[in-house]
Every structure is written in structure tokens, then in C-alpha cells.
Amino acid sequence: MLKVTSTEKAPAAIGPYSQAIEFNNILFTSGQIPLDPATGEIVGTTIEEQAEQVMKNLGAILEANGIDYTNAIKTTCFLAEMADFGAFNEVYAKYFTGKPARSCVAVKQLPKNVLCEVEVIAAK
């Protein structure tokens, strides 16, 4: 049975997808970008500011499912510029202290031209 996550504490989906889906006690989040949940506007202009908002959005989705960052099994991180890797890691490390498996890639462009996007797979 699939369970769809919908919380007002994280941005609403900007396309035909959900914030997250749970299947067999595994949570799969959609990629989160640095949008303010209340306004839908991009938060920040630097990689640090945007990464902080992404982590807050992911935290809200995890919390809505009764878990937190320590339940993360795998993350996938997308950066607009690999030059931001170090600064992004500084923010990321504050949240994902359990050091889940991770992929981090630079991509040509992200939605709304943001600097980063992160998705999580977590155990419930």
C-alpha cells in the first residue's frame, strides 16, 4: 500500500508528483528545492542559504512521517555548480549526521534555476 505525504510545512509540489511516498516502511521523498512553503518563493541567493532551506523542507517531510534525518538511508544531491560542493557539504553535514549513502552530481539546470536540490530515501 502506498501512502502519500502532504504537509503544509514543506512546499507543495510544483508538478504532477507528491512530496513523498511511503512503501513498506520506506519513505521516498521527491527532490526538494529552496522554496518557502508559505509563499512558494525561492529562499536565498547563496548555496549556503539555499541548502539550509532545502534541509528545512526535507526535515518537515520527514517529521510529517514521524522520523528525522537519522532515518535517512540514501540521499541524492543535485548541484547547479560543482564548485559549490564544499559549501553545500558544510550545510548538509549539520543535518545528515548519520552519514547516509549519497550521490552528489552537478546538473545543467535545476527547477526555477535554484542552486541545489536534494531527495531522500529513509526507513520508518
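The values are calculated or read from the model by the stated rules, or taken from the named source; none is laboratory data. Bear in mind the structure is a predicted one, so any value in this text is a computation, not a measurement. So basically every Cβ, Gly included, is an ideal-geometry build from the backbone, and we count neighbours across all protein chains shown.
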* To do: Could you tell me whether any residue of the stretch 78-90 is among the aromatic types (F, W, Y) and within 16 Å of K124 (Cα to Cα)?
  => no
* Asked: Among the residues of the stretch 12-56, which ones are within 19 Å of Y92 (Cα to Cα) and part of a loop (DSSP other than H, G, I, E, B)?
  -> S30, G31, I33, P34, D36, V43, G44, T45, T46
* To do: Could you please give the count of residues in the stretch 85-111 that are out of contact with any Cys (no Cβ under 9 Å at 6 or more places or on another chain) and part of a loop (DSSP other than H, G, I, E, B)?
  => 8
* Applying the selection to the stretch 62-85, what residues are touching a residue at least 24 places away in the same chain (Cβ under 8 Å) and of a type in the set (A, V, I, L, M)? -> L62, A64, I67, A72, I73, L79, A80, M82
* Subset tally (residues that are farther than 13 Å from N71 by Cβ, of a type outside the set (A, V, I, L, M, F, W, C) and in contact (Cβ under 8 Å) with a residue 60 or more places away in the chain) for the stretch 86-124 -> 4
* Scan the stretch 33-56 and give yes if some residue there is under 12 Å from the mean Cα position of the chain (by Cα), at pLDDT 95 or above, buried (at least 16 other Cβ atoms within 10 Å of the Cβ) and under 28 Å from M1 (Cβ atoms), otherwise no. => no
